[in-house]
1. Ranked from the most accessible area to the least, with a 1.4 Å probe and all protein chains present, what is the order of S446, S406?
2. So how do E105, E94, E367, E305 rank on accessible area, 1.4 Å probe, biggest first, that is with the largest at the start?
3. Would you grab the residues whose amide H sits under 5 Å from the one on T298? Only those 5+ places off in sequence or on another chain, please, with H modelled 1.01 Å from N.
4. With θ set to phi - 60° and the Karplus curve 6.51 cos²θ - 1.76 cosθ + 1.60, what are the ³J(HN,Hα) couplings of segment 137-147 in order, to the nearest whole Hz, using x for Gly and Pro?
5. With all protein chains present and a 1.4 Å probe, how do R441, R268, R183 order by accessible area, largest first?
6. Run the 1.4 Å probe and let me know the accessible area of D322, rounded to the nearest 10 Å².
7. Out of residues 5 or more away from T218 or on other chains, whose amide H comes under 5 Å of its own, with H placed 1.01 Å from N in the peptide plane?
8. Find the percent of Cα-Cα distances in the chain that exceed 37 Å, and round it to a whole number.
Amino acid sequence: MIKFPKDFTWGTATASYQIEGAWLEGGKGLSIWDAFAHTPGKIVHGDTGDVTCDHFHRIKEDVALMAGMGLKAYRFSIAWSRILPAGRGRPNPEGIRFYSNLIDELLAHEIVPWVTLYHWDLPLALQLELDGWLNPTMPEIFRDYTAICFESFGDRVKNWITFNEPWVVSILGYGQGVFAPGRVSKSEPYQVAHQILRAHSQAVDVYRRKFQAKQNGTIGITNNCDWREPLTDSEKDRQAAQRALEFFLGWFADPIYRGDYPAVMRERVADRLPKFSDRDKALILGSSDFFGLNHYTTMYAAHSEGNDADVNPYGNGGISEDQDVHLSTDRLWSKTQMGWSIVPWGCRKLLHWIDERYNHPDIVITENGCAYDDKLEQGKVHDQERINFLSAYLNECRQAIEEGISLKGYFLWSLMDNFEWALGFSRRFGIHYVDLETGKRIPKESAQWYSNLIKNNGF
Ligand code: GAL
């Protein structure tokens, strides 16, 4: 039996655009994902999040699912355009009521809410009027939105995450253009990342100055990172792997834990990498109470000179010309339906890398999970591959804890099948199967497995 520490947080995660639906209801404004999904050619099969899991109308049922499994925590995100339909101005009472009801329902079932303030669905008005995250006034606008959330929900919400995966927003949204707002550029990702870091720090600042003392919560940011394993033992490949990690995670975590972007980025990106003012630096340094990590896969990294066209747009790479890193996978590694390699030891190595580089922070895995081509057969989904994936990754997490890593929690992605961004409904990540015709939720075998794990605090 593999046991976890007594106070370990066990949860599942979702995001507003992926599960809520009700895109034109409850006084909600449009977001960039509404617009992107409605742009022909952007999403597989032309799918949209208009209805998706219809969670907006099913919060009681969904919380009952969680309670039935014995979930201890639930991570969801707030759709900014439900709170402020045009991104700023007067709050929409119906939007506030919706999240307030969800939070109350969770607490009534002793499930601790973990709330992400931004999971990619920027109010469309801010994109049209200001060019979204490119605009240096966005940090204040974000801060004001988050203050409304702290004010409205902070009496009950004690775990806040400002941003989910700024890397994805920057690289997939502004570099490769495969996610909203669909821009393709070699310099905008760096500008966007810069404004997001500033926005994060301003939200944290307002929370700490005005709310934290009386509300007694914690606030942090969630970054995503794969592990990069040197392809060979050569010094060049080892440096390439280190460089790849600094471009991936150091880009966002270094300013927060060490005060500025990694030196290797400054050297290589030069003028395209913006500079923080002294005031920015002071606000950003130390602005995360915990280290939120989303982790899915591992790749080999080797030194390569010049352009590496071999970039997988779904979760890997970066602006590769800036890194001189060639990424590859091992033919022998099994892959999930995303094509992502299953390399559980990569998770443990990454936890150690974070622990060392950032001076032993408390780490929370805010997402980990996998997509498989799950089939509903006679009312059941036999997803043994998912159970294998989860046990293997959790086994490495457990070992990391034994080796001294301060890992405090784990959120499985996802509670239920949902809208998987540019891949629409073609990928199922849930531990509940969602019948997209009827909206019916059916627990997969992995849901039962996870429920037992939580009950025993181990497996
Ligand atoms: C993450 C993202 C989630 C989910 C997951 C699986 O990058 O935060 O919203 O889609 O990947 O691809």
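The values are calculated or read from the model by the stated rules, or taken from the named source; none is laboratory data. Quick caveat: nothing in here was measured; it's all calculated off a predicted structure. Here the Cβ positions follow ideal geometry from the backbone for every residue, glycine too, while neighbour counts run over all protein chains shown. Surface areas here come from the heavy atoms of the whole protein model, side chains and all, with no ligands, DNA or RNA. Shrake-Rupley method; radii C 1.70, N 1.55, O 1.52, S 1.80 Å.
1. Correct descending sequence by accessible area is S406, S446.
2. On the way: E105 35, E94 90, E367 10, E305 140 Å².
Descending accessible area places them as E305, E94, E105, E367.
3. W227, S341, V343
4. 8, 4, x, 5, 5, 5, 4, 5, 5, 5, 4
5. R183, R268, R441
6. 10
7. N159, W160
8. Values: 19678 of 105111 pairs.
Roughly 19 percent, once rounded to a whole number.
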